[in-house]
Amino acid sequence: MKVDAQNHSLRIYTSYAIGQADKRYDFLYDQHKPGAAQFVKDNIYKTTPDDEYSFGLGYSYHLKEKCRLTFDLGYAKLIQDFPLPANGNTYFGKVYEIFFWRNKSYYHMIQVSPGIDYTIISKDINLGLILQGVGNISFHKNIPENNLSRKKIEYFATELYPGVFAEYKGIRASLSVRALHLKNRDDAIWNNELNIDKYNPFKIKFGLSFNFLKW
């Protein structure tokens, strides 16, 4: 008797990504008072890597025996602490102050992530390759030190991650490195006015997921 394969699955996932901070500040010399750029230069050593935490729901479709199409939808929180002038008047609307610093900021985003998996070794533990795109849609930006906060839906960045995975009984761990980064201009902070900005600091992502439903 022939039994149809289970081609569909749902999973929950979580991930953590760490990346080099974008430490460019030369554009401040042309756009701001010289003291602002000098302050960034003097304090650049305090900058830590960017942290990104995410979780959500994923769907997989077995296109072929070893090939799966995937689609993830979830929430992500990006934390950055590279000091830059914040657009307190033009973006956050805090007109009672003239100048703000962004020493730490929190970006709350929706992530839409289509991808493809290919299994190379299929035994008790499956090993394979992944290629995942990530579309980041920001809906809340917050600089808590100065009480700057704004809820606004805007496209933030597009990323592409190739990587590897290992899977055992529906539990999958993955490791991927960002190969492409197309970032929209961020008007919450003083920016280089590039839209789209193709600068791509090193970023690596660790993922963990569990398939809780198959059909």
Among strands (runs of 3 or more DSSP E) lying entirely in the stretch 8-93, which contain 2 or more residues that are surrounded by fewer than 15 Cβ atoms within 10 Å (Cβ to Cβ) and either within 18 Å of the chain's Cα centre (by Cα) or modelled with pLDDT under 95 (or both)?
-> 8-19, 50-62, 67-80
Which strands (runs of 3 or more DSSP E) sit wholly inside the stretch 111-215 and have at least 3 residues that are of a type in the set (A, V, I, L, M) and either at pLDDT 95 or above or under 26 Å from ASP30 (Cβ atoms) (or both)?
-> 126-143, 154-168, 171-177, 203-214
How many of the residues in the stretch 111-146 are closer than 22 Å to PHE55 by Cα and among the charged types (D, E, K, R)?
-> 2
Close pairs from the stretch 195-215: first within 17 Å of GLY74 (Cβ to Cβ), partner outside any strand (DSSP E or B) and among the acidic types (Asp, Glu), Cβ under 9 Å, at least 6 apart = none
Could you please find all residues in the stretch 170-203 being surrounded by fewer than 13 Cβ atoms within 10 Å (Cβ to Cβ) and of a type in the set (Asp, Glu)?
-> GLU193
Which of the residues spanning the stretch 99-129 are in contact (Cβ under 8 Å) with a residue 60 or more places away in the chain and closer than 21 Å to ALA179 by Cβ?
-> GLY128
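The values are calculated or read from the model by the stated rules, or taken from the named source; none is laboratory data. Here the structure is a predicted model, which is why all the values come from computation and not from measurement. Here the Cβ is made from the backbone with ideal geometry for all residues, glycine too, and neighbour counts use every protein chain on show.
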